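Q: Right, I'll just put the structure down here and ask away after.
Bear in mind these aren't lab numbers, they're just calculated from the coordinates by the rules spelled out. Please read these numbers as outputs of a predicted model, since none were measured by experiment. Glycine gets a Cβ as well: all are built from the backbone with ideal geometry, and neighbour counts include every protein chain shown.
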Amino acid sequence: MNDDLVFKALADPSRRVLLDRLFVRDGQALIELEADLDMTRFGVMKHLRVLEGAGLVVARKRGRKKLHFLNPVPIRLLHDRWIDKYREREVSALLDMKDELEGTA
Amino acid sequence: MTVEAALATQVYQLYIKATPERVWEAITTPDLHAKFFHGAHVQSTYEVGTPIRSVSPDGMQVWADNVILQCDPPRLLVHSWRSLYDPELAAEPESRVSWEIEPMEGGYCKLTVIHDRLDASPKTAKGVSGGWMFILCGLKTLVETGEPLGPAPR
């Protein structure tokens, strides 16, 4: 799984709208996903391809329908790699500062 | 639309730097399985129609007693799913779990886990939705590094 592809996919507001739609109701066909959106069918298809390429959306055939599912794993891996790490450092830096200030007080 | 309906089919997909055989081995070997699946020991002959059981680390409790629905090593494993460790979950209808392993370029394989037929099992659906993520990240770490993932998240 490529972090660059995931970050690029998430950088676009239209694609985040599509992800949020799948978060509310998973397993939607293209025709459902494009309903009430300010996007052409071609635009939705293009964005879905980028999301699929990043592994954030997985398309599955269900009978004659192609349904799109949210795959939460890349976001979790990205969180573990890029958010957890820095949050810990921030907290430990604050604790260091506290020790330092209290020690010199 | 309820949250429960949103979780009736859950799809998890990840890339693991290993051969399909190696991933299959981790899923089906009791000692390896225990390292990423809450310590559960898996017991099965992997023949269609036979049981696949999940037993607590001390061997005293049966956590799940399911049936193999499809088996094509090292590419496909499908089994029923019903949790027995909690009476509320055990009271819900059984659902289905599919493990699909596909070889990819560069020594990777793609693992797709689909947990479906959860429409009438909202408590199970809610319960497994965070659990699968932790289990599959643990499986990836185990297969790629030989070491289990750290303790469960808070």
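Q: Roughly how tilted is helix B:122-145, in degrees to the nearest 10 and between 0 and 90, from the longest Cα axis of chain B?
A: Taking Cα atoms only, the helix is inclined about 10 degrees.
Q: Count the lysine pairs in chain A whose Cα atoms sit under 25 Å apart, keeping only pairs 8 or more residues apart in sequence or on different chains.
A: Taking the Cα cut-off of 25 Å, the pair count is 7.
Q: Taking the square root of 5 times each eigenvalue of the Cα gyration tensor, what semi-axes in Å does the equivalent ellipsoid of the protein assembly as shown have, largest first?
A: Semi-axes, largest first: 30, 28, 19 Å.
Q: With angles folded into 0 to 90 degrees, how steeply does helix A:85-104 sit against the dominant principal axis of chain A? Use alpha carbons for both and round to 10.
A: 20 degrees
Q: May I pose another question? Considering only DSSP states other than H, G, I, E and B, which trypsin sites (Lys or Arg not before Pro) in region A:28-94 qualify as loop sites with at most 16 other Cβ atoms within 10 Å? Please report the intermediate quantities before stating the final value.
A: Details: sites: A:41, A:46, A:49, A:60, A:61, A:62, A:64, A:65, A:66, A:76, A:81, A:85, A:87, A:89; in loops: A:64.
Sparse-neighbourhood loop trypsin sites (Lys or Arg not before Pro): A:64.
Q: Counting only other residues whose beta carbon sits under 10 Å from that of residue B:10, what net charge do I get with K and R as +1, D and E as -1? Spell out each step's value before the answer.
A: Values: positive: none; negative: A:26, B:116.
My count for the surroundings of residue B:10 gives -2.
Q: Estimate the FRET efficiency between residue A:31 and residue A:102 by the formula 1/(1 + (r/R0)^6), using the beta-carbon distance for r and 45 Å for R0, to the nearest 0.05.
A: 0.15
Q: So, one more: Can you give the log10 of the normalised intensity I(q)/I(0) at q = 0.16, 0.31, 0.32 Å⁻¹, computed with Debye over equal Cα scatterers of region A:62-101?
A: Each listed q corresponds, in turn, to -0.59, -0.94, -0.96.
Q: Could you check the spin-label model distance between residue A:90 and residue B:126? Points 7 Å from the Cα along Cα→Cβ, value in nm.
A: 3.0 nm
Q: Can you give the convex hull volume of the alpha carbon atoms of chain B per residue, in Å³?
A: 117 Å³
Q: In whole Hz, what ³J(HN,Hα) sequence does region B:43-51 give by Karplus (6.51, -1.76, 1.60; θ = phi - 60°), x for Gly and Pro?
A: 10, 6, 8, 6, 9, 4, x, 9, x
Q: Using Cα atoms only, what is the angle between the long axis of helix A:41-53 and the major principal axis of chain A, expressed in degrees (0 to 90) to the nearest 10?
A: Computed tilt is about 50 degrees.
Q: For a paramagnetic label modelled at 7 Å from the Cα of residue B:67 toward its Cβ, which residues of region B:79-118 fall within the zone defined by backbone nitrogen distances under 14 Å?
A: Those under the cut-off are B:79-82, B:94-97.
Q: Right, another one. Taking Cα centroids, how far is region B:90-154 from region A:33-100 in Å?
A: 17 Å
Q: Based on the alpha-carbon set only, what is the convex hull volume of chain A divided per residue, in Å³?
A: It comes to 124 Å³ per residue, whole-number rounded.
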